[in-house]
Amino acid sequence: MTARRDRFLTLRHDQPHVLPSLLAADFGNLEREVRKLEQVGVRCLHLDVMDGCFVPNLTFGLPVLEGLRRLTDLPLDVHLMIRDPMSYIERFYAAGADCLTVHIEAVEQPREILQQIRQLGAASGIALNPDTAITTLDDCLDVCDLVLVMSVPAGFGGQKFHEVALEKLAYLRQRVDDHTLLEVDGGVNATTIERCARAGAQLFVAGSAVFGSDDYGQAIQQLDRLASVS
Ligand code: DX5
Ligand code: ZN
């Protein structure tokens, strides 16, 4: 197994993990934000890349990822909300991604791209939106290191949690082995996280619930405690 994929997959141990989504961070003080997260013991950063085409919002791309890679040794979990991700995965890997997640709605041949991500040396992730049927993933689960169940439509932080994510997590928990990480993203907060954990999620992406707090450490600890259901 390659070093970066291996490093990302250490998140299989000591679950659950709360992954802050930097979408809600202060981009005028990115280094300070990252240092604060490191100090409170965060194990991985979630990065939302949006292209204004696959989703109606634009965030950041390769130069910001490269900058973050220089700033921190934390694993970088890169959520690609872009059209035609196959054309970009090599560059995102080169920029420093440890896990690359593509949307099932954006790819025609999911197995091919997931295998390609692993060949590059990153962990392979597939994401699906709340309106997308979970069965669309059936043919590619065996080549996923991570499945990202969206609990809001991809595109914006601060949206309301969609309950359909819970059914999908439970479905996946029955179908994947212990090697596949289940991640939930969107509207994850102190009210919703416990149900996500009970449904089988292991990685919990949180934007507003972390950065909306005056004390990131306390917010993460609280989420972590609520997610520790087993
Ligand atoms: C939405 C992104 C999420 C978002 C989560 O498309 O994938 O990662 O930042 O933000 P909250 O936690 O505020 O819903
Ligand atoms: Zn995300």
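If I filter the range 147-169 down to residues being among the β-branched types (Val, Ile, Thr) and either open to solvent by 10 Å² or more (accessible area, probe 1.4 Å) or touching a Phe, Trp or Tyr at 6+ places or on another chain (Cβ under 9 Å) (or both), which single residue comes out as farthest from ligand 1 (Cβ to nearest atom)? Top of the filtered list is VAL164. Scanning the range 64-93 for residues that are under 16 Å from the mean Cα position of the chain (by Cα), open to solvent by 20 Å² or more (accessible area, probe 1.4 Å) and among the acidic types (Asp, Glu) returns no hits. Taking the stated definitions as given, is ASP131 outside any loop (DSSP other than H, G, I, E, B) and open to solvent by 10 Å² or more (accessible area, probe 1.4 Å)? Criteria not met by ASP131. Could you go through the range 54-71 and let me know if any residue there is touching a Ser or Thr at 6+ places or on another chain (Cβ under 9 Å) and either within 14 Å of ligand 1 (Cβ to nearest atom) or farther than 30 Å from VAL229 by Cβ (or both). For the range 54-71, residues touching a Ser or Thr at 6+ places or on another chain (Cβ under 9 Å) and either within 14 Å of ligand 1 (Cβ to nearest atom) or farther than 30 Å from VAL229 by Cβ (or both): absent. Here PRO20 clears all of (1) over 11 Å from the mean Cα position of the chain (by Cα); (2) over 18 Å from ALA122 (Cβ atoms); (3) of a type outside the set (Gly, Ala, Ser) except the condition numbered (1). I'm checking my understanding of the structure. Among residues of the range 35-63 that are open to solvent by less than 50 Å² (accessible area, probe 1.4 Å), more than 14 Å from ligand 2 (Cβ to nearest atom) and without any contact (Cβ under 8 Å) to a residue 60 or more places away in the chain, which one is farthest from PHE92 (Cα to Cα)? The extreme case among them is GLY52.
Tallying residues that are surrounded by 16 or more Cβ atoms within 10 Å (Cβ to Cβ) and within 20 Å of SER208 (Cβ to Cβ) within the range 7-34 yields 13. Please tell me if LEU226 is open to solvent by less than 70 Å² (accessible area, probe 1.4 Å), away from ligand 2 (no atom under 14 Å from the Cβ) and modelled with pLDDT of 95 or more. It is true that LEU226 is open to solvent by less than 70 Å² (accessible area, probe 1.4 Å), away from ligand 2 (no atom under 14 Å from the Cβ) and modelled with pLDDT of 95 or more. Of the residues in the range 170-177, at least one is open to solvent by less than 10 Å² (accessible area, probe 1.4 Å), away from ligand 2 (no atom under 14 Å from the Cβ), out of contact with any Pro (no Cβ under 6 Å at 6 or more places or on another chain) and not in a loop (DSSP other than H, G, I, E, B).
The values are calculated or read from the model by the stated rules, or taken from the named source; none is laboratory data. Just so it is clear, the model here is predicted, and its values are computed rather than measured. As a convention, Cβ positions derive from the backbone with ideal geometry for all residues, glycine included, and neighbour counts pool all protein chains shown. These accessible areas exclude ligands, DNA and RNA; they are computed on the full protein's heavy atoms, side chains included. Shrake-Rupley method; radii C 1.70, N 1.55, O 1.52, S 1.80 Å.
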